[in-house]
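Colleague: If you scroll down you'll find the structure; I have some questions about it.
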Amino acid sequence: MKKIQSLSESSFLKLLFGFFTACFLIAAVCMPDRASMFTGLWQIVSQPSKVSTNYFAVGGYAATFLNAGLVALICTGLYCLPGVKVTNVSNLAFILTLGFCSWGIHILNIWPTFLGVAVYCLVKKEKITDNVNALLFSTGIAPLITDLMLRYPHAEAVGYNLPGIALGLLVGFCIGFFLPAGLANSPKVHKGFDLYSAALPVGMTAFFLQAILFKTMGVALPAAPDAATLQVASRLTVNLFCGIVFGLCVIFAFLMGCRPRDYWRLLSDPALVTNFSSAYGNATFLMNVGVYGLFILAYYNLVGATFNGVTFGVIFCMLACCNSGSHPGNVWPIMLGYVAASFGFGWLSRLAGGTFSFAIHSQAIVVGLCFANGLSPIADKYGWRWGFLAAVMHYLLVTSVPNLHGGYCLYNGGFTAALICILLVPTLERFFRTKEERREIKAQKVK
């Protein structure tokens, strides 16, 4: 274990990606419906995957785990190419992509945007090994690629066809080709306060394409999946898998030498740290993977979420920020804000005679909270009260944003977080002091 602790950040993260890949592939052959995993996988890749499509209902449990394992294997292989440097951003890209493999991404709809990024590298004479993160982030619009190949311009799926495949490849190529430019400029818009930085260019692209392909062309936007499919769920499967995976991370972190005080230093560090594995070491970072993962799992159990493929996926989507700034210490205000907003606006809705459908355990809010954790830098820099407020604002906006992109942007909540940053951060910078500034003023008064 000491040898693992002494690995470079890049090597250790590659090992972690391999661990996650193995866990999903092993789980696939352990599922009770493993005999139908390959037919189930075909069902997943041959059906529309518009948000929120529950792969547990479409293909079964074994097929969902197999799909995730195969996509993870492809991504791990990309990161293991000679010359690829794996960082905290790579960690976010990998786990985020893995999270969507149970409700939007599959082994076929990732390739058109991959092609676009590859051609970008050829045109700009950049190494593909320097753009692996962009390859993975480009999959945030994978449901649109699937729809173009399977049913556009029809409301129902007609199956893979030559015109559809050509259109899907063309659109995917354009998305992938221009995405690296958007990724480079996105942090300038939200000033680093949205950890899901790739969501802004992906969300804007989905907004633009939805307007062109559907609104402007006069093509009816296909309906979202039947809500009844979200009831295909298994609390035991999700809790058992996540409990084992995250529990192993905690155990391995202890064996690598992480002590409770090491992890407490990560939780209580007053500085805004956005790279845990580099700042605190491999063992302490791995401890955050395990503890933060169990923390997320406990929250969804506590609020009574339905453990379908979507909820299973968002656990990992939320975990994706575990190396970029999120931990239980700065995410609890986000969770508290969501809970308070749910109860508060539920009460106001009843007073107004409205029909309230966004309870804290509803599917849309379960997904929304996952990406609201990307606002944790606000809580880190300005204090928990502002993290709480940012979460309330996110809650209010997140269910309306899909109207912009038609349900084709997997990064919907991250896109919403960027909009919250645009609204809130300038006000905070103009009128309020950061936690560090308040500490300095307090220290001067003591002197």
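Where a number appears in this text, it was derived from the coordinates with a stated rule and is not lab data. Just so it is clear, the model here is predicted, and its values are computed rather than measured. Here the Cβ positions follow ideal geometry from the backbone for every residue, glycine too, while neighbour counts run over all protein chains shown.
Colleague: Over every pair of different alpha-carbon atoms in segment 176-254, take the mean of 1/r and invert it; report that Kirkwood radius in Å.
Modeller: For segment 176-254, inverting the mean 1/r across all distinct Cα pairs yields 17.0 Å.
Colleague: Along the positive direction of the dipole of the chain (beta-carbon charges: Lys, Arg +1; Asp, Glu -1; about the Cα centre), which of GLY383, ALA93, VAL289 reaches farthest?
Modeller: Most positive-ward Cα: GLY383.
Colleague: Give the share of C-alpha pairs in each 10 angstrom bin for segment 55-127, from 0 to the last occupied bin, in whole percents, shortest bins first.
Modeller: All Cα pairs considered, the percentages come to 18, 45, 29, 8, 1.
Colleague: I've got another one for you. With the Cα gyration tensor of segment 206-336 in hand, give its eigenvalues times 5 under a square root as the equivalent ellipsoid semi-axes, listed largest first in whole angstrom.
Modeller: In descending order the semi-axes read 35, 20, 12 Å.
Colleague: Using only the Cα atoms of segment 41-172, what semi-axes does the equivalent ellipsoid have when each is the square root of 5 times a gyration tensor eigenvalue? Give whole Å, largest first.
Modeller: 26, 19, 10
Colleague: Now a separate question. Sorted from largest to smallest, which semi-axis lengths in Å does the alpha carbon gyration tensor of the chain give for its equivalent ellipsoid, taking the root of 5 times each eigenvalue? Don't skip to the answer; put the middle values down first.
Modeller: Working: eigenvalues 204, 139, 106 Å².
Semi-axes from the Cα gyration tensor: 32, 26, 23 Å.
Colleague: Same structure again: With all pairs of different alpha carbon atoms counted, what Kirkwood hydrodynamic radius in Å does segment 108-260 show?
Modeller: On the way: mean 1/r = 0.0548 Å⁻¹.
Averaging 1/r across every pair of different Cα atoms and inverting gives 18.3 Å.
Colleague: Take segment 1-46, compute every pairwise Cα distance, and split them into 10 Å bins from 0; I just need the percent in each bin.
Modeller: 23, 32, 23, 18, 4
Colleague: Assigning unit charges at the beta carbon (Lys, Arg +1; Asp, Glu -1) and nothing else, what dipole magnitude in debye, to the nearest 20, does the chain show about its Cα centre? Provide the component values of the computation, followed by the final result.
Modeller: Details: 28 positive and 15 negative charges, 243 e Å.
Dipole magnitude for the chain comes out near 1160 debye.
Colleague: With a ≥ b ≥ c taken as the square roots of the eigenvalues of the C-alpha gyration tensor of segment 286-440, please select rounded if a/c is under 1.5 and otherwise prolate if a/b is larger than b/c or oblate if it is not?
Modeller: Because a/c hits 1.5 or more and a/b fails to exceed b/c, segment 286-440 counts as oblate.
Colleague: Tell me the net charge near ARG385. Cut-off is 14 Å between Cβ atoms, ARG385 excluded, with +1 for each Lys or Arg and -1 for each Asp or Glu. Write out the running numbers ahead of the final one.
Modeller: On the way: positive: LYS381, ARG433, LYS435, ARG438; negative: ASP380.
So the environment of ARG385 carries a net charge of +3.
Colleague: Can you tell me which of 419-425, 111-117, 434-440, 175-181 comes out highest on packing, and rank the rest after it, using the mean Cβ neighbours within 10 Å?
Modeller: In decreasing order of mean packing, 419-425, 111-117, 434-440, 175-181 become 111-117, 175-181, 419-425, 434-440.
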